[in-house]
Amino acid sequence: MKMYHLKRSIPALMFAAVLFRTDLVQPETIIQASHPGFQYTGRIDFSDTLSPVIYWPGSYIKARFQGTSVQVMLDDSTGDNYYSVFIDNDDHPVIIDCGPGFQMTAVAKHLTDTVHQIMIFRRTEGFSGPTRFKGLVLDDGRSLEEPPARPARKIEFYGNSITCGMGNEVPDEEEDENNAKRNNFLAYGAITARALDADYTCIAKSGIGILISWFDMIMPEYYNRLNPWDPDSKWDFTRWTPDLVVINLFQNDSWLIGRLEPVPDEERIVQAYDDFLGLIRGKYPDSPIICTLGSMDATKELSPWPGYVQKAVDQRKKKNKDPNIVTLFFEFDGTYKHPRVRHHKAMADTLTQFIRKNLGWE
């Protein structure tokens, strides 16, 4: 995919002067983030409606604007985040490489003078820090139209680095950690949601597991946060009820389980997964759940981990009379690095077909 990198940083103290010194620039109109024409999707903190905070990979903002140009205003806490900006559903997004602090980025100019659509999509995950969305800058006197209609369905994904899209744009021969090549828009969950015309949320963190992670926190302690950095920041699950939940966890557990003391036996592993299903079911009593695993080596030949997931699902269905949980395992891709975009597309195709067949989604 061809991508264009544009970046124009403006110190916050100069912001007003740049916008309102008409001898320096053409007159422009600021559209504040609280404008009702913005459509937000994801676990976003609206405590300050003029500066909503974006934390999670795959969070996005849509709007329809008038005019020939648009600039995006972001205030990033770390300078480590990347956003893809799509104009009129173009396949060639502008990539905003955030610097620390406030910046205003021109993402489109010389457009036809009509109504256009914009989507601002967070590529990077929570560890890169929060970003405050400050709004848009449009041509003088222009504004936002009614936001686009929302899709009829919603899907929520819980996962690890695979679901985040870690390393998915990195060449095969290079290492996975390049943050600029971590693109949640091209992760299997986001691709699946678009294929099914569904809104999408992604609650995922690289390195996380159900029993053990590469750090001192596990998904049962993480899944219910608004701010992923703050254990006391709790998400209000009544704000967004998905029509489907997809879980892809246990890859990190499969690598790290031997570090626990004592090492959990099969019964304990199965029960831990069952307990996590109980947490999700407690928040979403009626949503179908698909428990997946892969496409990394947790699903390689003779791996016990798909069996643990299957036993946990069977156990919950039997004990709790919950038939609305199923399993789907992605084939091991044969490499020990994170899935690349081609692997994510294959996973998304498999998952999309499975959902259409089993849930009747068209």
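For region 218-306, the extents of the C-alpha atoms along the principal axes are 41, 27, 23 Å, listed from largest to smallest.
When SER161, SER47, SER254 are ordered from fewest to most other Cβ atoms inside 10 Å of their Cβ, what list results?
Values: SER161 24, SER47 8, SER254 20.
Sorted ascending by nearby Cβ count, the order is SER47, SER254, SER161.
With the convex hull drawn over the C-alpha atoms of region 71-172, the volume per residue is 144 Å³.
Taking a ≥ b ≥ c as the square roots of the eigenvalues of the Cα gyration tensor, region 180-252 is oblate, since a/c reaches 1.5 or more and a/b is not larger than b/c.
Which helices count as membrane-span-like in the chain under these terms: full DSSP H, at least 15 Å along the axis by C-alpha, Kyte-Doolittle mean of 1.6 or more?
Details: long enough: 266-283 (26 Å, -0.39); 305-319 (21 Å, -1.64); 341-359 (26 Å, -0.55).
For the chain, where a helix must reach 15 Å along its axis and average at least 1.6, there are no hits.
Under 5 Å between amide hydrogens, built in the peptide plane, is the criterion, and for VAL246 it picks out GLU156, PHE157, TYR158, ILE290 among residues at least 5 positions away or on other chains. Placing one identical point scatterer on every Cα of region 153-359 and ignoring solvent, what is log10 I(q)/I(0) from the Debye formula at q = 0.08, 0.09 Å⁻¹? Each listed q corresponds, in turn, to -0.25, -0.31. Considering every alpha-carbon pair of the chain, the percent of pairs per 10 Å bin, from zero through the bin containing the longest distance, is 5, 24, 33, 22, 11, 4, 1, 0. Phi angles across region 54-65 convert, under the Karplus curve 6.51 cos²θ - 1.76 cosθ + 1.60 with θ = phi - 60°, into 3J(HN,Hα) values of 9, 10, 9, x, x, 5, 8, 10, 10, 7, 10, 10 Hz, Gly and Pro given as x.
Need one number: % antiparallel among DSSP beta bridges in the chain, to the nearest 5.
Numbers: 45 of 69 bridges.
In the chain, approximately 65 percent of DSSP beta bridges are antiparallel ones.
A cut-off of 5 Å between modelled amide H atoms, ignoring neighbours fewer than 5 places along the same chain, links GLU145 with ARG64, PHE65, GLN66.
Annotation for region 204-250 versus region 26-83: alpha-carbon center distance of 24 Å.
What does the charge add up to near ILE212, with Lys and Arg as +1, Asp and Glu as -1, over the other residues with Cβ less than 15 Å from its Cβ?
Working: positive: LYS205, ARG259, ARG268; negative: ASP216, GLU221, ASP253, GLU261, ASP265, ASP275.
Its environment carries a net charge of -3.
Since every read-out is calculated from the coordinates, none of them should be taken as a lab result. Quick caveat, the model's predicted, so the values are computed rather than measured. All Cβ positions, glycine included, derive from the backbone under ideal geometry; neighbour counts span all protein chains shown.
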